[in-house]
Amino acid sequence: MLDLIKTKKHALIFSHQGPDGDSVGSSVSLSLYLTKIGINNKIIFPDHYPNFLSWMSGLENSLVATDNLQLVFDLYNKSDLIFCLDFNHRSRLGNDLNKIISNSNDKYVIVLDHHTNPENFGDFEIIDEKASSTSELVFNFIVSNGDLKLIDIPISEAIYAGLITDTGSFKYDSVSSSTHLVASKLKDVGLNHVEVHNKIFDQNSVSKINLLGYALQKIKIDSESSLAYLVLSEKELSKFNYKKGDSEGFVNFCLSIEGIENAAFLREDKELIKMSFRSKGKVKVNEFSRKYYGGGGHINAAGGAIKKSDLNKVINELIQNFRSFCSV
Ligand code: 5GP
Ligand code: MN
């Protein structure tokens, strides 16, 4: 693989819409690595990454497509190597980028991902549903090229950020002994894990903490489907000066309630209602989200969205959908 990659001149690294810790961490670590092995590259985010990740060294080599679509288009035309990280359906790029990337016959496309139901559009794909994170796959990719020695502190920080955000700091089922081994190797490099945890989880704005306090009091329960759910309207969010990423992790509070097996968080956006689903029982929330909300993800953590409409109606439908999904 390394020999093939080294024949390429201009790489682009695509992340999915609504970049999260793993898509940003995997993109940044791969970008820093490609630069080290002499491959010119740029990270393309479909839309803005949240502020709690903006400390990551290597992000300066990224572009946000919503701000620079023409530039992304020009770079795409020039590129001969495309990486798609943390997604395996081109629809996850959003309409504009999806159109651009669909015309990729003259480029070598590599997909590294850990989600289910791949579209299989790449020329070379490493899709490992059992992997904790795409960042773990990037680590393995670098090691399989014989380049462990090239992993320095910025690369280790980016990979570690992906590991902890996608595993709830090493507590989810997806964590394996290999995940811990990766963390161990990153520590050997000199990673300051305390600093990374602090930068990601402990730099909250007062308004975000106030929003959390408000949100926690709004959690409701549907006992019939063991579902705890939380809904925040655009108006409520703007009252707390909502910034992208401020509601990250809210859905986990729903799931932490005693006796609750499933959780849903609905966030009203400008045009969409974005949904997050979690489960700790046998309900496959990725299938639920795919069936009703055009989404997907992992068995225990998935997302989806629908066009904005009356929130109460959407909530009632969600509960009905969830009850009927659980009853089959
Ligand atoms: P979150 O709820 O944190 O946004 O996402 C949970 C998981 O589901 C992540 O792995 C994320 O990539 C995936 N996911 C979130 N939204 C969507 C979506 O609209 N479609 C698909 N296929 N996956 C999603
Ligand atoms: Mn991921």
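The values are calculated or read from the model by the stated rules, or taken from the named source; none is laboratory data. Bear in mind that the values here come from a model prediction, so they are computed numbers and not experimental data. All Cβ positions, even for glycine, are placed from backbone atoms using ideal geometry, and neighbour counts span all protein chains on display. Side chains are part of the model used for accessible areas, which takes the heavy atoms of the whole protein and leaves out ligands, DNA and RNA. Shrake-Rupley method; radii C 1.70, N 1.55, O 1.52, S 1.80 Å.
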**Computed E for F253/K6 - FRET, C-beta separation, R0 41 angstrom, nearest 0.05** = 0.30
**Message:** Using only Cα atoms and rounding to the nearest 10 degrees, what angle (0 to 90) does helix 69-78 make with the longest principal axis of the chain?
**Reply:** 40 degrees
**Within a Gaussian network of the chain (alpha carbon springs, distance under 10 Å), most fluctuating of D67, D22, D246** = D67
**Asked** What is the antiparallel percent of DSSP beta bridges lying wholly in the chain, to the nearest 5?
**Response** 40 percent
**Prompt:** Considering only DSSP beta bridges with both partners in the stretch 206-327, what is the antiparallel share in %, to the nearest 5?
**Reply:** 75 percent
**Message:** Mean-square fluctuation check for the chain, GNM, Cα pairs under 10 Å: which of K42, K171, K274 is largest?
**Reply:** K171
**Request:** Provide the per residue accessible area, probe 1.4 Å, for the stretch 2-201, rounded to a whole number of square angstrom.
**Result:** 41 Å²
**Prompt:** Does the stretch 150-221 classify as rounded, prolate or oblate by the C-alpha gyration tensor (a ≥ b ≥ c root eigenvalues; a/c under 1.5 gives rounded; else a/b over b/c gives prolate, otherwise oblate)?
**Reply:** oblate
**Long-range HN-HN contacts of E125 with modeled amide H, under 5 Å** = V111
**Prompt:** Fully extended, how many nm does the chain gain between N145 and E129 (0.36 nm per residue separation, minus their Cα-Cα distance)?
**Reply:** 3.6 nm
**Asked** Extension gain E317-E60, at 0.36 nm per residue separation less the Cα-Cα distance, in nm?
**Response** 88.2 nm
**Message:** Over 27 Å between Cα atoms: which of K36/K199; K99/K274; K8/K244 fall into that group?
**Reply:** K8/K244
**Message:** What is the distance in Å between the Cα centroid of the stretch 258-327 and that of the stretch 155-196?
**Reply:** 29 Å
**Complete:** Looks like the chain, by Cα gyration tensor root eigenvalues a ≥ b ≥ c and the a/c under 1.5 rounded cutoff (else prolate when a/b is bigger than b/c, oblate otherwise), is prolate
**Prompt:** Check I13: other-chain or 5+ apart residues with amide H under 5 Å from its amide H, H built from backbone geometry?
**Reply:** K42, I43, I44, F83
**Complete:** If R0 = 22 Å, then E236 and D47, at their Cβ-Cβ distance, give a FRET efficiency to the nearest 0.05 of 0.50
**Item:** Rounded to whole Hz, the Karplus (6.51, -1.76, 1.60) HN-Hα couplings of the stretch 197-206, x for glycine and proline
**Value:** 4, 4, 5, 7, 9, 10, 10, 6, 6, 4
**Asked** By the scheme Lys and Arg +1, Asp and Glu -1, what is the net charge of all other residues having a beta-carbon under 13 Å from that of E136?
**Response** -4
**Request:** Please arrange D80, D86 by accessible surface area, largest first, computed with a 1.4 Å probe and ligands excluded.
**Result:** D80, D86
**Asked** Sorted by mean Cβ packing within 10 Å, highest first, what order do the peptides 214-220, 137-143, 237-243 take?
**Response** 137-143, 237-243, 214-220
**Item:** Between helix 311-327 and the chain: long-axis angle, C-alpha atoms, 0 to 90°, nearest 10
**Value:** 80 degrees
**Item:** Tilt relative to the chain, helix 134-144 - C-alpha long axis, 0 to 90 degrees, to 10
**Value:** 20 degrees
**Asked** For the chain, what is the calculated [θ] at 222 nm in deg cm²/dmol (nearest 500), taking -39500 (n - 2.57) for each run of four or more DSSP H residues and dividing by its residue count?
**Response** -12000 deg cm²/dmol
**Message:** Over the chain, what is the relative contact order in percent, taking alpha-carbon pairs closer than 8 angstrom and at least six residues apart?
**Reply:** 13 percent
**Asked** Rounded if a/c is under 1.5, else prolate if a/b beats b/c, else oblate: with a ≥ b ≥ c from the C-alpha gyration tensor eigenvalues square-rooted, which is the stretch 175-328?
**Response** oblate
**Complete:** Whole-percent carbon and sulfur contribution to the accessible surface of the stretch 2-201 (1.4 Å, no ligands, DNA or RNA) stands at 49 percent
